[in-house]
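Take a look at the structure set out below.
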Amino acid sequence: MKLRSLAAPIALALVVVPALADAPPDQYRPFVRTDPEVRDAQTGLIWLRAVSAPVKFADAAAACPTGTVTYRLPTMKELQTLVDEQPHDEYENGTLVRKAIDGNAFPSTPAVPFWSGSAGAGNPGSAWSVDFATGATSLRDKSELHPVRCVRP
């Protein structure tokens, strides 16, 4: 029996496979790592994956881009939908930290409180935040500096 040589070159195709998040498999629509947004399949909201620089509450809404697509500051309840109920450890600036947000859907999210657009009832000097280290919500003084994650319908 004579063996034949396979002299024909083999072509390799580069295939872009959508990434699925660590969250429940049906939480986010498939996305590619370079996508600037991710859509929450449960709420229908479209989240900007980039994070703003820390700002005071008075500047939080202005941290969301406007133009052909206008983003806004999320309500506290909307921001809570991003909390990963099974936090994981992730390296941040060379240190291992606990994070309560999907690292695939929202890479480079600092493990700190984020502003929501919900002001504190009965306390005009405070607003609600969601901490992506623990998933906890808390009232914060509006003069504090916190990042923003913007959303659109």
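In segment 130-153, what residues are in a strand (DSSP E or B), more than 11 Å from residue 116 (Cα to Cα) and free of Cβ contacts under 8 Å to residues at least 40 places away in the same chain? Selection gives 141 alone. Evaluation of residue 87 against the conditions (1) in contact with a Lys or Arg (Cβ under 6 Å, 6 or more places away or on another chain); (2) crowded, with 20+ Cβ neighbours inside 10 Å shows that the sole unmet condition is (2).
Of the residues that sit in segment 52-61 and are closer than 13 Å to residue 116 by Cα and among the hydrophobic types (A, V, I, L, M, F, W, C), which one is farthest from the chain's Cα centre (by Cα)? This residue is 58.
Scanning segment 90-120 for residues that are surrounded by 19 or more Cβ atoms within 10 Å (Cβ to Cβ), in a strand (DSSP E or B) and aliphatic (A, V, I, L, M) gives 100, 101. How many of the residues in segment 45-68 are assigned to a loop (DSSP other than H, G, I, E, B) and exposed (fewer than 12 other Cβ atoms within 10 Å of the Cβ)? Of the residues in that region, 4 qualify.
To keep it simple, each residue is scored yes or no on (1) at pLDDT below 85; (2) under 15 Å from the mean Cα position of the chain (by Cα).
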residue: 3; (1), (2): yes, no
residue: 23; (1), (2): yes, yes
residue: 30; (1), (2): no, yes
residue: 91; (1), (2): no, no
residue: 96; (1), (2): no, no
residue: 103; (1), (2): no, yes
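The values are calculated or read from the model by the stated rules, or taken from the named source; none is laboratory data. Bear in mind the structure is a predicted one, so any value in this text is a computation, not a measurement. Counting neighbours? That spans all protein chains shown, and the Cβs are built from the backbone with ideal geometry, glycine included.
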